[in-house]
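Everything on this sheet refers to the single structure shown next.
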Amino acid sequence: MAPQETQSSVDGVPHVMFIPSAGMGHLLPFFRVIAALYGHGGVEVSVVTVLPTVSAAEADHFTELFAKFPGIRRVDFHLLPFDAAAEFPGHDPFLLRWEALRRSAHLLGPLVAGVSAVVTDVTLASHVIPICNEVHVPCHVLFVSCATMLSLVAYFPVHLDNNSKKKKAATGSVGDVDIPRVRRIAESWLPQPLLDLEKLFTKQFIDNGREITKADGFLVNTFDALEPAALAALRDGMVVPGFPPVYAIGPLKSHTCNKSSDEKNKPAAAGSPVAWLDEQPAKSVVYVAFGNRNAVSHEQIREIAAGLDSSGCRFLWVLKTTTVDRDDAAELADVLGAGFLDRVHGRGLVTKAWVDQEALLKHPAVGLFLSHSGWNSVTEAAAAGVPLLAWPRGGDHRVNATVVVSGGVGEWMEHWSWDGEDRLVMGAEIGEKVKEVMADAAVRARAARVGEEAAKAVAEGGTSYRNMQEFIGKLKTA
Ligand code: UDP
Ligand code: UDP
């Protein structure tokens, strides 16, 4: 690896270095904060970039970021050789990229030494925080999930320590996690790998959870009105005593939202999802998407298709059939089954392409979001005031779904199976539920209120606006 030279603050202008990890669910919030901070002015910004990325979507978005903001410095970082396939056969490629980054993190030392502050991802925290501490550079974590999940990350090691004191560890069960002043997280809601302490994900998760108390602060893509209890408990040191400051700055929005009036007036490309939505009545469309890396089984995809068909609703379905987009070679017609696309022609649109989900959710034709409840998706639904029907698939999704319910964003199908459970949710049930929620005025009204709260939070003077100002102020006085 050839570290490039980095500059500390020039003429009193602070230099903030972002060290993101991998996966669009992690990168998009980073890009959103980077663009916001850079747009604010008075701050030098650089971004540690590892190429090639795991997915094509990540590569496209890095290119877009640096093209749109030529003043942001790209700091290329070369990873040490790591024979992931031999050491961890069959593991998730994004998790392996986190591991590769962690194993190379000590090489970041010379890059970090010159800057005024670092913002990194929780997946790298236990490696990046000590490096920053060593060179006395403040290190913040941009946490890409909800505050409730942050409280779980912080409390999970304490929970395990308590278990071993009570000799519960001997039973091999992790058990429900009762996070002080936040909520009880049932064992069955935990990210699946956490039930096995030997898993690579779990080891990283515990190491990061122990180290994050030494961060200088957290930026979280949530807002005070959405998660008041979790934010208060973290800030008051009820989860872990002396927890660093938590700045709730969401819902984050993309820099592409700030389109020029020329861009806004441009008609949507013929055949595009937006052009299709333009033809549909207000709030008539169910938008269906499970994030950028959740490959639902083909059998389950067929049941979702049957459900959307039987619901009688219009729908726009963004379908991903593989964990990494570059591997997705399946033909829609084969995956969906003979005749499906013809049968729903005009009423439903299915695409495998990358879409601008944030913009689609704001389209007036969208009335419901059937989602895996990845946290970015939840915040985008909240910002758009569109009700979300949560069908968690894995990871933090069930924890996020607790916030979907408590915050009024939508409903959670708690008994619907997720990855690793050998149980299909049948089309008839999916169809009935979609129809029911689409017709539920109370659900819609609650989601609309959340949308208003979200708008208030990020508007000048709102909680997220003030938290971001406070964070920037701290950078400038560091
Ligand atoms: N996304 C998008 N277009 C796509 C697929 C995903 O814009 O075709 C965005 C989506 O809006 C969200 C992010 O990618 O911002 C996915 O993050 P999330 O936390 O919802 O789920 P993950 O993919 O991490 O499971
Ligand atoms: N996470 C964490 N520490 C880790 C790894 C993951 O706090 O070492 C969080 C991560 O931010 C996410 C959640 O755990 O909120 C679930 O991770 P998952 O594998 O589902 O990744 P993602 O969907 O975020 O890519």
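Straight-line reach from LYS68: which aspartates and glutamates have a Cα under 19 Å away, not including same-chain ones fewer than 8 places off?
Straight-line reach from LYS68, under 19 Å: GLU44, GLU58, ASP60, ASP76, ASP262, GLU263, ASP356, GLU358.
Mind checking which of ALA330, THR351, ILE19 is farthest towards the positive end of the chain's charge dipole, using Cβ charges of +1 (Lys, Arg) and -1 (Asp, Glu) about the Cα centre?
ILE19
Residues with beta-carbon under 15 Å from that of PHE88, excluding PHE88: net charge, scoring Lys, Arg +1 and Asp, Glu -1?
It works out to a net charge of -1.
Can you give the local net charge around ARG32? Use residues other than it whose beta-carbon is closer than 14 angstrom to its beta-carbon, Lys and Arg +1, Asp and Glu -1. All intermediate terms of the calculation are to be shown ahead of the outcome.
On the way: positive: LYS68, LYS253; negative: GLU64, ASP121, ASP356, GLU358, GLU380.
Taking every other residue near ARG32 into account, the sum is -3.
Compute, for the stretch 267-456, the length of the dipole vector about the Cα centre, with Cβ point charges of +1 (Lys, Arg) and -1 (Asp, Glu) only. Units Debye, rounded to 20. Could the numbers behind the result be given before it?
Working: 19 positive and 26 negative charges, 95 e Å.
My answer is approximately 460 debye.
Antiparallel versus total DSSP beta bridges in the chain: what percent is that, nearest 5? It would help to have the intermediate numbers written out before the result.
Values: 4 of 48 bridges.
The answer is about 10 percent antiparallel.
Please report the net charge: other residues with Cβ closer than 12 Å to the Cβ of VAL296, K and R +1, D and E -1. Before the final figure, lay out each step's value.
On the way: positive: ARG293, ARG302, LYS320, ARG393; negative: GLU299, GLU303, ASP419.
Overall, the nearby charge balance is +1.
Can you find, among GLY462, VAL135, GLY312, the residue sitting farthest towards the positive end of the charge dipole of the chain, where Lys and Arg contribute +1 and Asp and Glu -1 at Cβ?
Value computed over the given set: GLY462.
Order these peptides, 137-148, 91-102, by their mean beta-carbon neighbour count within 10 angstrom, highest first.
Numbers: 137-148: 25.6, 91-102: 19.9.
Descending packing order for the listed peptides: 137-148, 91-102.
Would you mind getting the accessible area per residue of the stretch 128-180, heavy atoms of the protein chains only, 1.4 Å probe, in Å²? Intermediate values should be presented prior to the final figure.
Numbers: 2050 Å² over 53 residues.
With the other protein chains kept in place, the stretch 128-180 gives 39 Å² per residue.
In the structure shown, do any of LYS253/LYS362; LYS253/LYS456; LYS283/LYS362; LYS166/LYS203; LYS362/LYS456 have a Cα-Cα gap over 18 Å, and if so which? Mind showing how you got there, number by number?
Numbers: LYS253/LYS362 12 Å; LYS253/LYS456 14 Å; LYS283/LYS362 11 Å; LYS166/LYS203 21 Å; LYS362/LYS456 16 Å.
From LYS253/LYS362; LYS253/LYS456; LYS283/LYS362; LYS166/LYS203; LYS362/LYS456, over 18 Å: LYS166/LYS203.
Probe radius 1.4 Å, ligands and nucleic acids left out: which of HIS106, HIS372 has the largest accessible area, and how do the rest follow? Each step should come with its number before you reach the end.
Details: HIS106 110, HIS372 10 Å².
So the residues, ranked largest to smallest area, are HIS106, HIS372.
So what's the back-of-envelope 222 nm ellipticity for the chain, counting only DSSP H runs of four-plus at -39500 (n - 2.57) apiece and dividing by all residues, rounded to 500? Intermediate results must be reported in sequence, preceding the final value.
Working: 20 runs with 205 residues, N = 478.
One gets -12500 deg cm²/dmol as the mean residue ellipticity at 222 nm.
If a/c stays under 1.5 just call it rounded; otherwise compare a/b with b/c (prolate if a/b is bigger, oblate if not). Do that for the stretch 267-456, with a ≥ b ≥ c from the square roots of the Cα gyration tensor eigenvalues. Walk me through the numbers before you get to the answer.
Working: a/c = 1.42, a/b = 1.15, b/c = 1.24.
Rounded is the answer for the stretch 267-456, as its axis ratio a/c remains below 1.5.
By a straight-distance test (C-alpha under 13 Å), which aspartates and glutamates pair with LYS214 as possible cross-link partners, with residues fewer than eight away in the same chain excluded?
List returned: GLU134.
The values are calculated or read from the model by the stated rules, or taken from the named source; none is laboratory data. Everything quoted here is computed from the prediction, not taken from an experiment. We place every Cβ from the backbone using ideal geometry, glycine too, and count neighbours over all the protein chains shown. SASA here: full protein model, heavy atoms, side chains in, ligands and nucleic acids out. Shrake-Rupley method; radii C 1.70, N 1.55, O 1.52, S 1.80 Å.
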